[in-house]
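One structure is given here, and the rest of the page talks about it.
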Amino acid sequence: MTRQTFPKININLEKIAHNVERLKELYGSAGIGIMGVTKTVCGDPIIANMMVEKGIKFLTDSRITNLKKMNRAGVKAQFVLLRSPSLSEIEATVKYADISVNTELEIIKRLSVCAIKHHTVHKIMLMVEMGDLREGIMPGDLLDVVQEVLTFGGIKLAGIGANFACFGGVKPNQDKMDDLSSLTARVEKKCKIRIPIVSGGNSANYNWFTKTDHVRRINNLRLGESIYLGREPLNRTPIKGLFTDAFTLAAEVIESKMKPTAPYGEIGQDAFGGHPRFRDKGNIRRVILGVGNQDVLVKGLTPIQHVEILGSSSDHIILDARKSNLQVGDIVTFQLNYGALLLAMTSPYMMKNYQYYSSKVTEQFQ
Ligand SMILES: *Cc1c(COP(=O)(O)O)cnc(C)c1O
């Protein structure tokens, strides 16, 4: 038998599909539609197709490269660019995104010119700044921006959105959601328009949603983490009824030896500019895995076996394996957090192992 290839990320499509269905049902019960965020999985077309199969109509990614990848793979969905296009991405945005999020009139103006040139209409979702301090138009400026956007040819205002818990860790609570609803209503009234999508946030909106009895105008959320990892990101609590282990990472032992716990010799900086300090706890079994910082956010890994991560470099993870008897060729598996998943799905060195409903397994590099 030929050995499998490592490191690899095991992707249980059945578990992700289950999470998609549950979340769709949950939010759908209050008229909130969900967009499937694909940036978390680097625009993976197999995962994207599964989401479409489960009834997701909008797929959203912050990278045009990923939208292009899904488009070329024949994924049938409305594609939403989740980060404002830059001036150098205007043509590609009009070509590959049905909707893009926007905050700058300068950019929207260029999208308008480009859409007109191609005899098409590009839809935009205006992001409003509501405290988290990443992207967004200041609420007091929104009306002016909308009024100006409505004069642009080739552009259609598809929605208004806000983002939370990304930069400032600000929670999307009832006050914030009420503010977004009121702001939407005010703009609609002044401009005599109806704004179809009011996108209240991301996976961090779960706690708000489970407690609220009035979602008012919020009719959309953009979900990544809760679909893939089954957790809400404010406290990283597992969401009831969802799988938290749809992804696991497996790496192979390439060295296993009894060695000291403290480095010896004159000590300078480590590979990443850190100044490592270790306590001498005698000799232990130290194990090295053939995976490292170039493949995954190592501090976002939790080992499933009884081992402890001592540290890592570009291509190695070093384990305290005193409680196991790991030998060369053995496989160590980990759970991944958001950052680890993001990097593992992006690494070209990571084998992707898709586990299908029928437990049929295929392997492929991205
Ligand atoms: C990444 C991102 C999301 C998805 O966030 P999750 O916490 O993974 O659900 C939603 N909206 C925007 C604007 C994002 O950048």
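Annotations
- Measuring only protein heavy atoms, the 1.4 Å probe finds Thr346 accessible over about 70 Å².
- 22 Å tail of the calculated P(r), the stretch 63-162, as % of Cα pairs: 26 percent
- When the chain is described by a simple charge dipole with +1 on each Lys and Arg Cβ and -1 on each Asp and Glu Cβ, the residue from Gln327, Ala17, Ala204 located farthest towards its positive end is Ala17.
- Solvent-accessible area of the stretch 255-366 (1.4 angstrom probe, protein heavy atoms only): carbon and sulfur portion equals 52 percent.
- When each of the peptides 186-199, 102-115 is scored by how many other beta carbons lie within 10 Å of its residues on average, the order from highest to lowest is 102-115, 186-199.
- Nitroxide proxy distance, nm - points 7 Å out along Cα→Cβ at Ile254 and Ile193: 5.5 nm
- Helix-only [θ]222 nm of the chain, DSSP H runs n ≥ 4, -39500 (n - 2.57) each, per residue, nearest 500: -8500 deg cm²/dmol
- If you plug the beta carbon distance of Arg186 and Gln305 into 1/(1 + (r/R0)^6) with R0 = 56 Å, you get a FRET efficiency near 0.50.
- Across the stretch 278-293, computed HN-Hα scalar couplings (Karplus, 6.51 cos²θ - 1.76 cosθ + 1.60, θ = phi - 60°) run 9, 8, 7, 10, x, 7, 9, 7, 10, 10, 10, 9, x, 7, x, 5 Hz from first to last residue, x flagging Gly and Pro.
- Taking the chain as a Gaussian network of alpha-carbon nodes connected by springs under 10 Å, the highest mean-square fluctuation of the residues Ser203, Ser347, Ser226 belongs to Ser347.
- Note on the chain: Kirkwood radius taken over Cα pairs, Stokes-Einstein applied at 37 °C and 0.692 mPa s, translational D equal to 146 µm² s⁻¹.
- Only Lys, Arg, Asp and Glu carry charge here, each on its Cβ (+1 for the first two, -1 for the last two); on that basis the chain has a dipole of about 580 debye about its Cα centre.
- Charged-residue dipole, Cβ positions (Lys, Arg, Asp, Glu), the stretch 233-366 about Cα centre, Debye nearest 20: 440 debye
- Within the stretch 244-305, trypsin sites (Lys or Arg not before Pro) in DSSP loop having at most 12 other beta-carbon neighbours inside 10 Å: Arg277, Arg279, Lys281
- Scaled against the 2.2 N^0.38 Å expected of a compact globular protein of N residues, the Cα radius of gyration of the stretch 167-246 reads 1.23.
- Label-point gap, in nm, between Ala73 and Arg277 - each point 7 angstrom along Cα→Cβ: 4.6 nm
- Contour excess over end-to-end distance, with Cα ends at Tyr356 and Glu21 and 0.36 nm allotted per residue: 119.0 nm
The values are calculated or read from the model by the stated rules, or taken from the named source; none is laboratory data. The shown structure was predicted, so the numbers you read here are calculated from the model rather than taken from an experiment. Don't worry about glycine lacking a Cβ; one is built from the backbone with ideal geometry, like all the others, and counts go over all protein chains shown. Surface areas here come from the heavy atoms of the whole protein model, side chains and all, with no ligands, DNA or RNA. Shrake-Rupley method; radii C 1.70, N 1.55, O 1.52, S 1.80 Å.
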